[in-house]
Amino acid sequence: MLIVFSHIIGKCFDYGGECGVSFFFMLSGFVLSLGYGDSVRAGQFSTRRFLLRQLSKFYPLHLLMLVVFVVLDARLGVTYDWQHLLPSVLLLQSWIPFDEYYFVANGSSWFLCDVLFFYLLFCLVFRWLHRLSLKGLLILSGVMLAVYLPLAFLIPLDMVNSILYAAPWTRLIDFCMGILLCRLYQSAVGERGRAQISHMNLSVATRWELFTVLWLVFSFFLYESITCRLRCAALFWLFIPPIILYYALADQQGGRVTRLLHHPVLQWLGGISLEIYLVHMLILRLVNSVALSAGVENVIMTTTLSLGMIVLAAWLLKRFFVDKIYAFLIKSVI
């Protein structure tokens, strides 16, 4: 929803998109490690099978959105060169650091290119990061910063977005941080943290959770005073990991914020989050076009309508398109 609101509000809320993307990349590394770490350790993880299953979930919808955008743009007289579309079809678009490639048609789909790259490397990276000692991790972190920071300040300003924000090889850092967060979560330190949280009463746990909310709010106010070379990604390396770790540790015995996150409505929205992400730019475009044609200038009305339509479209697409195709492919192909 941070990403959706960043596209509704515009440039003055770029924070939402950059924070949301960083959060999801780190969360992806955490969740994959939690769900598949044991099978990787046991040598039972199949990268090929895993990739096919994940592609079956999002690739058909990605293609559908790409076609819809191309058709809509063609009606407006806007056409694309096939060289610009092909990388998106192949999910290679964010490897090419130019807007006309990685932000073509349904621009938010660049994210899938990065995710696919992370999935491809997951098994290898997971094993490597879990073999490193604490000293090795500290050395690795130092080397990474020694390379990343000069890069961040040396690249041309007009390439910050394409290289630091969207490129798979720089955003791999976020994914790796998620894997390391899971390692900490499953360690003796994580066990002690979980035990401490479980002994908190409801009011104390809620105060800690409100502190995490304020921690995120602080990142919002700090964002405007930080150079775009750092705030597009590196800023959130400080703020998001402790939030993910805390809520993972507090998942079963936290305060009121944790209980709110367990609400069926939010769980349901989480289940269609990928569809919301892939469809929201299309719905925003359609609602804004209709509102402009009808002369409607009420921002609250158009925003509310947009959010409702995004959620409805995401649910319908998941139930009648994504899930149907996924079930067919799993049964007949994979």
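The values are calculated or read from the model by the stated rules, or taken from the named source; none is laboratory data. Given the structure is predicted, the values throughout are model-derived calculations rather than measurements. Every residue, glycine among them, receives a Cβ derived from its backbone with ideal geometry; neighbour counts consider all protein chains shown. Heads up: the accessible areas ignore ligands, DNA and RNA and are worked out on the full protein's heavy atoms, side chains in. Shrake-Rupley method; radii C 1.70, N 1.55, O 1.52, S 1.80 Å.
Assorted remarks:
- Heavy-atom accessible surface of the stretch 71-111: percent carbon and sulfur, 1.4 Å: 64
- In the chain, the ratio of gyration radius to Kirkwood radius, Rg to Rh, stands at 0.96 when only Cα atoms are counted.
- Helix-only CD estimate at 222 nm, as mean residue ellipticity for the chain, using -39500 (n - 2.57) per DSSP H run (n ≥ 4): -25000 deg cm²/dmol
- Neighbour net charge for V78 - beta-carbon separation under 13 angstrom, K R +1, D E -1: -1
- Highest to lowest packing among 27-38, 265-276, scored as the average C-beta count within 10 Å: 27-38, 265-276
- Where N is the number of residues in the stretch 51-206, Cα Rg divided by 2.2 N^0.38 Å: 1.36
- Modelled FRET efficiency - R0 30 Å, L202 with W237, Cβ distances, 0.05 increments: 0.45
- FRET efficiency for the pair Q253 and V31, taken as 1/(1 + (r/R0)^6) with r the Cβ-Cβ distance and R0 = 25 Å, rounds to 0.80.
- Taking 7 Å steps out from each Cα toward its Cβ at A294 and L86 produces label points 4.3 nm apart.
- Applying the Karplus relation 6.51 cos²θ - 1.76 cosθ + 1.60 with θ = phi - 60° to the stretch 109-120 yields 3J(HN,Hα) values of 6, 4, 4, 5, 4, 5, 4, 4, 5, 5, 4, 4 Hz, where x marks Gly and Pro.
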